[in-house]
Amino acid sequence: MGFIFKQVRAEGGCLSFIIGDQVSHRACIIDPRADQQDIYEEFLAARKLTATLVFDTHTHADHYSGSHLVAQNLGARIAMSASTKSARPDLKLVDGQIIEVGGGLAVRALATSGHTPDSMTFLVQGDWGQTAFTGDTLFIGGSGRTDFPGADPSAQFDSIHGKLGALPDSSWVLPGHDYSDLLFSTIGHEKRTNPHWLISSRDEFVRVKNAEALDSPGVLTQVVSFNLDAKPRSFPRGGAMTMCATVAVKPQSKVERLDAANFRQLLAEQRAKGAIFIDVREPEEFARFRIADTVNIPTSELLMHWKELKSASAVYFLCDRGSRSLVAAESVQRLGLDKVGDLAAGTSGWVATGNAVVK
């Protein structure tokens, strides 16, 4: 199954996703934002993909959903939970329902209420394993807030321990928000480390969720109203309106940050010993110029290459200025890769210190 995958990260940690099938050239978008339509359309056009389905994991309260714009501009059908009050969906999904996108790409819906009554997790099976797009039900190191109207912490406990807990530990977790600059996790890792998952008592979980202190700005009602409307006319542009969870505690980074000289030395010495040097820039950036003997795996696609990363003796990342590479390095290190480093100043620092690139 040849899939194309893109994680789109907005200001404030809001995440949306594009998954495309390379055979049928059909794609779906999960949790699109209204202010990022250009990004989605440019990516689809560059990869020669047609968006036929758009999924909202729930009725969002923190940002303006762009599902109606994907439908309007690209002809995609909108899919949401059958429990939703939104007027947008063409397809209302029930627990366990499978929706064919095209080729080998299919999406299975799991009802995971709690954050909202219409919350769903969407499952995609690929060569790299199963991926759970958990929306605001489960975050990396936390879970979605349960103080919105209609939210139910007891139902969220069941969704996490029951529905998500029944998934294989190897299943990838891609949430609707990330406030800690981590790309992905796994069900097994969240079971072992997520403070909210480690609460085994329903009563204690409810107590913890009810005690969370999170802002509820006045714009929340406006955002929800917009997202319930089938064809809203306009939206204020901007980032996330409110946090959908408390910020998870991020482990202290142990990533080896390398200057250009040390990176060059490792590149010369360690490739023959099984190390892999990964440029996480987008393919278009990599095509303009690259450091010799590096391979291109964009941050969005790292989980699809997990077996390669695990089998390497060491993994070193680079990008343009060192920010994306650090996020990649910390994400894989958190999941158990020990020998991880990155080029701290990126390709910019590499070139500035007189090192050669391939054009």
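Just so you know, in segment 283-333 the residues that are of a type in the set (Lys, Arg) and assigned to a helix (DSSP H, G or I) include one that is farthest from residue 346 (Cα to Cα), and it is 307.
Pairs are defined by a Cβ separation below 8 Å, a sequence spacing of at least 6 or placement on different chains, a first member in segment 332-359 that is of a type in the set (Phe, Trp, Tyr), and a second member that is at pLDDT 95 or above and not in a helix (DSSP H, G or I); the pairs so defined are 350/291; 350/318; 350/343; 350/357. The residue that is surrounded by the most Cβ atoms within 10 Å (Cβ to Cβ), among those in segment 324-349 that are in contact with a Gly (Cβ under 8 Å, 6 or more places away or on another chain) and at negative phi, is 343.
A Cβ distance below 7 Å, combined with a sequence gap of six or more or placement on separate chains, defines the contacts here; from segment 148-159, residues that are closer than 13 Å to residue 58 by Cβ and assigned by TED's automatic domain parsing to the domain that holds residue 221 reach no residue that is modelled with pLDDT of 95 or more and of a type in the set (Asp, Glu).
The rows are residues; the columns are (1) buried (at least 18 other Cβ atoms within 10 Å of the Cβ); (2) more than 19 Å from residue 230 (Cβ to Cβ).
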site: 83; (1), (2): yes, no
site: 96; (1), (2): no, yes
site: 104; (1), (2): no, yes
site: 114; (1), (2): yes, yes
site: 127; (1), (2): no, yes
site: 133; (1), (2): yes, yes
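Residues considered: 171, 216, 225, 180. Of these, the only one that is at pLDDT 95 or above and hydroxyl-bearing (Ser, Thr, Tyr) is 171.
Scan segment 135-144 for residues that are crowded, with 24+ Cβ neighbours inside 10 Å and over 19 Å from residue 82 (Cβ atoms) and the total you get is 6. Within the set 81, 65, the sole residue that is within 29 Å of residue 232 (Cβ to Cβ) and in contact with a helix residue (DSSP H, G or I) (Cβ under 7 Å, 6 or more places away or on another chain) turns out to be 65. Selection over segment 18-59 of residues that are aromatic (Phe, Trp, Tyr) and touching a Lys or Arg at 6+ places or on another chain (Cβ under 7 Å) gives a count of 1. One residue alone among 312, 272, 292, 260 is buried (at least 16 other Cβ atoms within 10 Å of the Cβ), more than 30 Å from residue 44 (Cβ to Cβ) and either without any contact (Cβ under 8 Å) to a residue 12 or more places away in the chain or in contact with a helix residue (DSSP H, G or I) (Cβ under 9 Å, 6 or more places away or on another chain) (or both), and that residue is 260. Just one of the numbered conditions (1) among the small types (Gly, Ala, Ser); (2) out of contact with any strand residue (DSSP E or B) (no Cβ under 9 Å at 6 or more places or on another chain); (3) closer than 19 Å to residue 177 by Cα is not true of residue 135: (2).
Do we have residue 81 as assigned by TED's automatic domain parsing to the domain that holds residue 149, out of contact with any strand residue (DSSP E or B) (no Cβ under 6 Å at 6 or more places or on another chain) and either within 23 Å of residue 152 (Cα to Cα) or in contact (Cβ under 8 Å) with a residue 60 or more places away in the chain (or both) here? No; evaluated as a whole, the condition is false for this residue. Going through (1) out of contact with any Cys (no Cβ under 8 Å at 6 or more places or on another chain); (2) aliphatic (A, V, I, L, M); (3) surrounded by 20 or more Cβ atoms within 10 Å (Cβ to Cβ) one by one, residue 51 falls short only on (1).
The values are calculated or read from the model by the stated rules, or taken from the named source; none is laboratory data. On a predicted model such as this, the values are computed, not experimentally measured, just so you know. For neighbour counting, all protein chains shown are included, and Cβ atoms are generated from backbone atoms with ideal geometry for every residue, glycine included.
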